[in-house]
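Structure first, then comments.
Here, each number is a calculation from the coordinates, and none is a lab measurement. Keep in mind that what you see is a predicted model, and the values were worked out from it rather than measured. When we count neighbours, we look across all protein chains shown, and the Cβ atoms used for this are built from the backbone with ideal geometry, even at glycine.
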Amino acid sequence: MRFHRLPTASLRAPPINVPVKGALTAFTRLRPWVQPRALVSLVLGVILAAMSTATRAQDLEPRSYSNTPVGMNFLVAGYSYSHGGLATDPALPLNDAELQVNAVVLAYARSLDVLGQSAKFDVILPIASISGTATYAGEPRERDISGLGDPRFRFSYNFYGAPALSFKEFANYEQDVIVGASVQVSAPMGQYDPSRLVNVGTNRWSAKPEIGVSKEIGKFILELASGVTYYTDNNDFLGGQTRQQDPIYSVQGHVLYSFSRGIWAALDATYYWGGQTTVDGVTGDDLQRNSRAGVTVALPISRYNSIKLYGSSGVSTRTGTDFDTVGIAWQTRWGGGL
């Protein structure tokens, strides 16, 4: 029995709608009678923003541009746990700020024939439960929220090296160089309360065009992808303020190794920069220049099912994203002559 290398939907924690330094800027403009509870919520929002930047712009997803038999369907259910802290503004009297994110992701994907080349369309729906804690005046404080995240829609197209093939034809396919591109759009349909700093949804659209290259060398596959994420304005941030964000530029690379019986593993790395925010014309000191590294392992269970394990951690951090993530995803496939 031959196990084909098949892509999976991107499975990472959902975005959280709060700026890093932008939240601090907004806080300085609030009334002086603001209570400690609001202060704690603010800092937790700062930490959540760090998670948002990494999870939205950097998915560390190998095999995004692999070839797949036309007409196949994929259903993916995944769970991830993220935990991390952030060194907040030293002027704020808070200590030991930490965040935990439990996320469930549901995804559907279908492989397509577009102008004789392989393509794929997928839909990703995240659901998250988020809790943050901090110590204020020697007393622990806690903040919890859960709900639907913003759904994401992605179309990818391999315009070189990955012809559209039936399942029978795919049995004789051997990869060399694949060049592809994709566009991912996030819609503002998740949970959002404009009176709160901490939200699961973002109340704005985003779009990420990307181009990627994949090269097979024996049992190894080398992958490199570069993209940029653009954001619309959030015009209802924290009681009607306007929050803007510059594009985030990213590059990610993967080194994959194929074992027997369809098992493969990948070393993943990414670097991203940009994303400075502005709240009502006041620019925050939150320019991103961060890197992360991770590992992914795929284990076929049967002809129709497989499991993927992954983890990642911050390597260098200028603003936020110094957290760890581990996750598991189950995938089933059908159709296309399987």
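Could you please tell me the mean projected area of the C-alpha convex hull for the stretch 163-221, averaged over all directions and given in square nanometres to one decimal?
Details: hull surface 28.0 nm².
Computed as one quarter of the Cα hull surface, the answer is 7.0 nm².
Mind running the shape call on the stretch 199-338? Use the C-alpha gyration tensor, a ≥ b ≥ c as the square roots of the eigenvalues: rounded below 1.5 for a/c, prolate if a/b tops b/c, oblate otherwise. Because a/c hits 1.5 or more and a/b exceeds b/c, the stretch 199-338 counts as prolate. Listed by chain and number, the lysines whose alpha-carbon sits under 22 Å from that of LYS120, ignoring those within fewer than 8 places in the same chain, are LYS168, LYS208, LYS215, LYS308. Here is the list for the stretch 229-338: chymotrypsin sites (Phe, Trp or Tyr not before Pro) lying in DSSP coil, each with at most 11 other C-beta atoms within 10 angstrom of its C-beta, are TYR304.
Each label point was placed 7 Å from the Cα along the Cα-to-Cβ direction; for VAL251 and ILE328 their separation is 3.6 nm. Note on LEU222 and THR242: with the Förster distance fixed at 56 Å, the Cβ-Cβ geometry gives a FRET efficiency of about 0.85. Amide hydrogen proximity for ASN199: with H placed 1.01 Å from N in the peptide plane, the residues at 5 or more positions away or on another chain lying under 5 Å are ASN17.
Taking 0.36 nm per residue of sequence separation and removing the Cα-Cα distance, the VAL213/SER131 pair yields an extension gain of 25.7 nm.
Treat the stretch 122-229 as a sphere of radius equal to its Kirkwood radius over Cα pairs and apply Stokes-Einstein at 20 °C in a medium of 1.002 mPa s; give the translational diffusion coefficient in µm²/s, rounded to a whole number. My calculation gives 122 µm²/s for D.
Please give the contour-minus-distance gain from ASN172 to ASP113: 0.36 nm per residue of separation, less the Cα-Cα distance, rounded to one decimal in nm. Can you show the working numbers first?
Values: separation 59, 0.36 × 59 = 21.24 nm, distance 1.77 nm.
Extra length from ASN172 to ASP113 when fully extended: 19.5 nm.
Computed 3J(HN,Hα) for the stretch 269-284, one whole-Hz value per residue from the Karplus formula 6.51 cos²θ - 1.76 cosθ + 1.60 where θ = phi - 60°, is 8, 8, 9, 9, 8, x, x, 5, 10, 9, 10, 6, x, 9, 7, x, glycine and proline marked x.
For the stretch 247-261, the Karplus equation 6.51 cos²θ - 1.76 cosθ + 1.60, evaluated at θ = phi - 60°, returns couplings of x, 10, 9, 9, 9, 9, x, 9, 10, 10, 10, 9, 9, 6, 6 Hz by residue, with Gly and Pro reported as x. Here the label points at ASP193 and ILE263, each 7 Å from Cα along the C-beta direction, are separated by 4.7 nm in the simple model. Label-to-label distance, ALA181 versus HIS83, with points set 7 angstrom from Cα along the beta-carbon direction: 4.3 nm.
Phi angles of the stretch 72-81 translate, via the Karplus equation with coefficients 6.51, -1.76, 1.60 and θ = phi - 60°, into HN-Hα couplings of 7, 10, 10, 10, 10, 10, x, 10, 9, 10 Hz per residue; Gly and Pro are given as x.
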